[in-house]
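A.B. asks: Here it is, the structure, as structure tokens.
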Amino acid sequence: MTVTVDGAVITIVTGGTTHKMLSVEGTYPDTAHITRKALAAPEEMAQFNPALMERLHACIVTASGADKAIPSYSQRGTNPCIVTASALPEFVGLVLPWRADEISIPEWIRQS
């Protein structure tokens, strides 16, 4: 596996698979702030871009070499989602939710 950084572009190459992503400027790791928010009591539901979740899964599979590496998601309310994988104990991914005007939750679900 090779990892290269060219400006804001990070490229990971393993075998015949290449994954490219953009870095985000900020203070890293700011895990205490993000973890507290992600594990707070839920008030609302969040929506996540499924393409980003799939890309994280593909990175986990590629980096671990395990065909069935399964990600775990920890998320509460409209907070970021923390993504981990038992196949990669040092891996942590963060996915920010989409912002929606309103997410409709059926009343029968709220009462269960």
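The values are calculated or read from the model by the stated rules, or taken from the named source; none is laboratory data. No experiment lies behind these values; they were computed from the predicted model shown. Here the Cβ is made from the backbone with ideal geometry for all residues, glycine too, and neighbour counts use every protein chain on show.
A.B. asks: Anything in region 69-87 that is under 14 Å from the mean Cα position of the chain (by Cα) and crowded, with 17+ Cβ neighbours inside 10 Å? List them, or say none.
C.D. replies: PRO71, GLN75, ARG76, THR78, ASN79, PRO80, CYS81, ILE82, VAL83, ALA85
A.B. asks: Can ILE60 be described as buried (at least 16 other Cβ atoms within 10 Å of the Cβ), among the β-branched types (Val, Ile, Thr) and within 18 Å of ILE10 (Cα to Cα)?
C.D. replies: yes
A.B. asks: Mind checking which pairs have a first residue in region 17-46 that is at pLDDT 65 or above and of a type outside the set (S, T, N, Q) and a second that is surrounded by 10 or more Cβ atoms within 10 Å (Cβ to Cβ) and part of a helix (DSSP H, G or I), Cβ under 7 Å, 6 or more apart or different chains?
C.D. replies: Close Cβ pairs satisfying both conditions: HIS19/ALA58; HIS19/CYS59; HIS19/THR62.
A.B. asks: Let me ask something else about it. In region 44-68, what residues are over 10 Å from the mean Cα position of the chain (by Cα), among the hydrophobic types (A, V, I, L, M, F, W, C) and either under 20 Å from VAL3 (Cα atoms) or assigned to a helix (DSSP H, G or I) (or both)?
C.D. replies: ALA51, ALA58, CYS59, ILE60, VAL61, ALA63, ALA66
A.B. asks: Every residue in region 1-14 that is outside any strand (DSSP E or B) and in contact (Cβ under 8 Å) with a residue 40 or more places away in the chain, please.
C.D. replies: MET1
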